[in-house]
Amino acid sequence: MSNSGKVPLHMNLEVTPPFSADPAEATVGGGRDLHVRIRYTPQTPGQHRQSMRMLHSGKVTNIDLSGKAEGSPSCFPSGVCRSVVFDEETGECTESVDRDGTECSSGNACMTREICRSGACVGEAVVCNSHDKCVKDECVAAVGCIQIDKSGDCPSSPDPCKRGLCDATLGCTIVDATDGDPCGPSDCVTSSICLLGECVDVPTPENTDCTTKCGRGTCHDNVCKAKMGKNLEVLWRHNVQSRSNLVFPGISDDQGAVYWLECDPSSCELVSVDGDQATPRFPEHPRFPLRDLTLPKPNQMVLAGNRVVVAAGDSVYAYSASNGALAWAGSLWAELEEALGSGCPCSVRADALASGEEGFYVWFSMSGVAGATEDGRRAGALVNIAASDGSVKWIRTFEGASPPRDLVVDRFGDVHFALGGDEGSLQLLSVGPDGSDRFTIGADSDTEAPLATVLDHVFGTSARVLDLDGDLAYELPPVDGEGPTLAFVVGQNNGYRFSRDVEGLRVTAFKTWIGEVTSSTVPFAEPVYRTDPLLTDSQSALFAARISDESGGELLTRVMEIDAEGHSLRDCRLPERPDGPGGTYLYLGSTSLRGGRWTVASQPSRDGNWFTVHQLLLPFGDTASSGWVTTRGSLAGDGRPQR
């Protein structure tokens, strides 16, 4: 400020925060200057405006002041035991080390009483001790002390009436089992139970739950009486919709899910249900067309890993076994026509399907029609397709061949089959996974055909049993009155041959390696209908047949289980009629047995019910874990042994 006069000038400056003047009062000599500092010290960010009053010589002069304040930047310490402030003079964050003894927190729940020392947060380790000998105390930095149960580490007792127990104070101890716990074999006469830590035999009380080979029951007068007598208990039934046909190959997976086809005249639907409750598993209802209106046979459907594969007409379809989604599909018409060469394969029909080592074997029958070729030629083709996408790997064609009864694949992936030719001639053939010939031999009769393979043997409809090179391994001894072989189930040690007999259905048991017959029985007269046999985990044969009762009158469906000595292990009944009106159940074909649940199909009878899939409780029943356990080999129906 300047005083241009000669007389001294006295002035006062009045201003309000955030502004201030220094000096606020002064006298300026004549012709002299005075420097006044205006300070701006805002407490909050933002724009500030004020008017400063200058009083001099009885006059007032207003001077406008304005300023804009920015907020201080956020400052964060680089770690624990560090403090940081913003230096307004330098405009920067300044960090310093906290003094020793300052309380701190490292975030580690396993530390306590933490203080700063030389810039580090240090403390004492938390001691975890629940004083429980059945847990392991540990400290986890994120949560602190935890207890891990270790009561399961206590050893069990070999004594069925003692059990290992963990006591929080004592640790592992052995105590008496609960009175009444079973400790040995029990039946409806005597029960082995624990009493005061000892296994004792006591009389079995009336109405104690028990189980017979035919179902659940209770003990009465020292005998286990099934609640349904000899009738098997029905767990669930699935009726196929009206005017549809059922193709039931007896396929099931390791979780017990069951698979089949329901077909109308123009297409088939792949169906799968949960094995426990018959809950449908494929909500999208996958379907494929029947181009030639020919219904697939059970041996045209297999389960391979997570794929359900079906051969129908000139095509092959692969679906996800989990949700029924189509994985791949394709017609082989063009490849078959090219492989056959000249002439027209005017009709192409899949007749058999089996799983190979890395793909599938499919047999297609091809025939011309009068006028289309010179002689209405007949031919067949064995096709190997890739499991990944259904692409053709190779094709073998056979002129003048009638379709094989089935395709049987051994443990090396070679496929065995029989082809009929002109004038009743028959050849047994074996083809390797690469399409090369393994062997070709003449058959003893026009009915001989491979039906099973286990270990190094191939079993067929004749008495001859071949090795995998086509040489004779042994011949099954003939049984008086025994007719053509219908089916085989074969285990590692014992096998069963089912055949027609002058007396009825004959079951012949033999030793797998040498063919020695151990028993041959006719469990009942000629059956009207029968199911295909299964090999059980007891190495017995299980099957059902519809026969006349002992009086020769009413027809009954009996479930039989026969061991290698010809002894009957089970003789039960299947339900004959629905609870409501309409028809009789006619059980036949392939079946599936897993964990005491037996799934079987029935066809309509003349008096009117539909195709039905039944699941029944079969106590103590399960399929063998290895061998030719069904007429299609495995429970996957893939033409190979269970493995």
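Of the GluC sites (Glu not before Pro) in the stretch 1-70, which ones lie in a loop per DSSP and count no more than 15 other C-beta atoms within 10 Å?
Working: sites: 14, 25, 70; in loops: 70.
Within the stretch 1-70, the qualifying GluC sites (Glu not before Pro) (loop, at most 15 other Cβ atoms within 10 Å) are 70.
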> Given +1 on the Cβ of Lys and Arg, -1 on the Cβ of Asp and Glu, and no further charges, what dipole in debye does the stretch 2-69 carry about its Cα centre, rounded to the nearest 20?
Replying inline: 100
> With +1 on each Lys and Arg Cβ and -1 on each Asp and Glu Cβ, how big is the dipole of the chain about its Cα centre, in debye rounded to the nearest 20?
Replying inline: 2420
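Could you do me a favour and compute the accessible area per residue for the stretch 529-642, 1.4 Å probe, result in Å²?
Details: 3940 Å² over 114 residues.
Accessible area per residue: 35 Å².
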> Quick one: net charge of residue 244's neighbours, Cβ under 15 Å, K/R +1, D/E -1?
Replying inline: -1
> Along the positive direction of the dipole of the chain (beta-carbon charges: Lys, Arg +1; Asp, Glu -1; about the Cα centre), which of 199, 26, 5 reaches farthest?
Replying inline: 5
> Just in the stretch 378-413: which chymotrypsin sites (Phe, Trp or Tyr not before Pro) are loop by DSSP and have at most 12 other Cβ atoms within 10 Å?
Replying inline: 412
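Okay, helix-only estimate at 222 nm for the chain: each DSSP H run of n ≥ 4 adds -39500 (n - 2.57), divide by all residues, round to 500 deg cm²/dmol; what do you get?
-500 deg cm²/dmol
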> Once phi is turned into ³J(HN,Hα) by the Karplus curve 6.51 cos²θ - 1.76 cosθ + 1.60 with θ = phi - 60°, what whole-Hz value does each residue of the stretch 593-601 show in order, with x for glycine and proline?
Replying inline: 10, 9, x, x, 10, 10, 10, 9, 10
>> If I histogram all Cα-Cα distances within the stretch 2-69 using bins 10 Å wide from 0, what percent of pairs lands in each bin?
In response: 20, 46, 24, 9, 1
> How big is the equivalent ellipsoid of the stretch 529-642 along its three axes, where each semi-axis is √(5λ) from the Cα gyration tensor, reported in whole Å from largest to smallest?
Replying inline: 25, 17, 12
> So which chymotrypsin sites (Phe, Trp or Tyr not before Pro) in the stretch 590-643 are both in a DSSP loop and have at most 14 other Cβ atoms within 10 Å of their Cβ?
Replying inline: 620
> What part of the accessible area of the chain, given as a whole %, is carbon or sulfur when the probe is 1.4 angstrom?
Replying inline: 49
> With point charges of +1 on the Cβ of Lys and Arg and -1 on the Cβ of Asp and Glu, referenced to the Cα centre of the chain, which listed residue (252, 326, 210) lies farthest in the positive direction of the dipole?
Replying inline: 326
> Based on Cβ point charges of +1 for Lys and Arg and -1 for Asp and Glu, what charge dipole magnitude is obtained for the stretch 21-133 about its Cα centre, in debye rounded to the nearest 20?
Replying inline: 480
> At a probe radius of 1.4 Å, what is the per-residue accessible area of residue 599, in Å² to the nearest 10?
Replying inline: 0
>> Largest first, please: the extent of the C-alpha atoms of the stretch 96-246 along each principal axis, to the nearest Å.
In response: 90, 61, 20
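How big is the C-alpha Rg of the stretch 34-151 next to the rule-of-thumb value 2.2 N^0.38 Å, as a ratio?
2.10
Find the all-direction average of the projected area of the Cα convex hull for the chain, expressing the result in square nanometres with one decimal place. Display every interim value, and only then the final one.
Numbers: hull surface 239.9 nm².
Over all viewing directions, the chain projects a mean Cα-hull area of 60.0 nm².
The values are calculated or read from the model by the stated rules, or taken from the named source; none is laboratory data. In this text the structure is predicted, and so the values were computed from the model without any measurement. All Cβ positions, even for glycine, are placed from backbone atoms using ideal geometry, and neighbour counts span all protein chains on display. SASA here: full protein model, heavy atoms, side chains in, ligands and nucleic acids out. Shrake-Rupley method; radii C 1.70, N 1.55, O 1.52, S 1.80 Å.
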